[in-house]
Amino acid sequence: MRTLLTVAALGGALVGFTTAPAVAQETGNVIFLHPDGTGASHWAAARIYDEGPDGELNWDRLPAIGVYTGHMSDRLTSTSHGGATVHAYGVKVRADSYGLDGTEPITAASGAEMSIAMEAMDAGKAVGLVQTGHIAEPGTGVFVASNEDRGNQQEIAADVIESGAAVIMAGGERLLLPEGVEGRHGPGERTDGLNLVERAEELGYTVVYDRDELMAVDPATTDRLLGVFAHDHTFNDQPRERNLIEGLPTYVESAPTLAEMTEVALAILARDEDGFFLVAEEEGTDNIANNANAYGALQALTRADAAVGVAHDFVEANPNTLLVMAADSDAGGMQVYSGDGAPAGGHVAATTGAGGLLHGRQGKFGDVFMSAPDAEGVRHPFGIAWIGDDDVAGGILVRAAGLNADRVQPLMDNTDVYKLMHATLFGSNLF
């Protein structure tokens, strides 16, 4: 099936999409957008901060919505690697699982002995993996790699490079180069002597290392693309106070945003006549929130929402594509706090009245945040409260637009995300 998309490259910059005519069909492309660690309260904070309490995010504009239930086979709260495994295979697994059920192989809900991404590649579809964390992060990695321990990052990175995915973008250069080899972003750490950047070039990948090089890529002539955008993650996921002391920005300044990576990935993948499957993850929304970095978490949410806008624009121009998005847990129990502990023009208190952690722009006792103006033009002070550094069940939602989005139900199990994606890619009925 041919995806109708025209992307012009002028001076290395993407100009945009042309609208394809609507075609009645049941199968097509899938974009799975995973803003890790985001519950409804995270999106509420982003809306207040970026658009004001009466405004709308790109996330708000997605027409389909369902409440997400995300328990694992052995616990109520998901993990990043266990939750991603459920999305990739459509079956409940133990929380400590990376493309396996614990240490055991999985038969997917479709009956295949492989993930949905590998099944897509077997069917001739192009697959893309876009990640703001390092290359072995589970939100994208489990779709093409299985390992008994998510800590085996060097093994996982090798599996990702060898997977056959047409587009791979992430941080984690340290996992691609041998010890003693200096890369663009720092020294390699591999202990097996493998140079996975050279291996990627042997496999036909064009390799780029920063935003400028990515935006200079011609999607019309690039069949395989590897983006290596940081030594580790493309963000500094530590408390706000520590970043300020060390003079570090929240995100690596030379690295592209998730929106920029997603736009280029779609332009390349959409050329495949058999269709495509793209998994794109904003990892900063999880890792940064898990460090109770309120300022950084709001930045990460802004970036995630920009990527939603790019994906939604693509779907509106290409109606044979499903955009589905969900997190698998709520990072830190993030909440907006507006009260006596967050006075206008002042600093946040140490805690909320009930004892929850309360942070401002610089962290503990930091300046209050100010909302974007409301409908009356008023800006409101607020702080960000946390329950701690844990992932909790939270108010996770499934959002969708485009092909088969009307199949999103009011209550969606985590396994249903796989079923919806599989139905769209292959015409199956696993519900």
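The values are calculated or read from the model by the stated rules, or taken from the named source; none is laboratory data. The structure presented is a predicted model; accordingly, all values stated were derived computationally and were not measured. Glycine also receives a Cβ, built like all others from the backbone with ideal geometry; neighbour counts cover every protein chain displayed. To get the accessible areas, we keep the full protein, side chains included, count just its heavy atoms, and leave off ligands, DNA and RNA. Shrake-Rupley method; radii C 1.70, N 1.55, O 1.52, S 1.80 Å.
Worth a mention:
- The stretch 155-211, residues that are open to solvent by 30 Å² or more (accessible area, probe 1.4 Å), part of a helix (DSSP H, G or I) and either acidic (Asp, Glu) or free of Cβ contacts under 8 Å to residues at least 12 places away in the same chain (or both): Glu155, Asp159, Glu198, Glu201, Glu202
- Strands (runs of 3 or more DSSP E) wholly inside the stretch 329-431 that include at least 2 residues being open to solvent by less than 30 Å² (accessible area, probe 1.4 Å): 357-360, 381-386, 397-402
- Once the stretch 19-42 is narrowed to residues that are part of a loop (DSSP other than H, G, I, E, B) and at pLDDT 95 or above, the residue that is farthest from Arg271 (Cα to Cα) is Gly39.
- Counted residues, the stretch 234-256 - those being without any contact (Cβ under 8 Å) to a residue 12 or more places away in the chain and in a loop (DSSP other than H, G, I, E, B): 2
- Scan of the stretch 299-328 for residues that are part of a loop (DSSP other than H, G, I, E, B), more than 18 Å from Gly139 (Cβ to Cβ) and open to solvent by less than 10 Å² (accessible area, probe 1.4 Å), ordered by number: Asn318
- Residue under evaluation Asp50, criteria (1) over 28 Å from Ala267 (Cβ atoms); (2) out of contact with any Pro (no Cβ under 9 Å at 6 or more places or on another chain); (3) at pLDDT 95 or above, criterion not met: (1)
- Answer from Gly345, Gly377, Gly355, Gly332 - the residue that is in contact with a helix residue (DSSP H, G or I) (Cβ under 7 Å, 6 or more places away or on another chain) and at positive phi: Gly332
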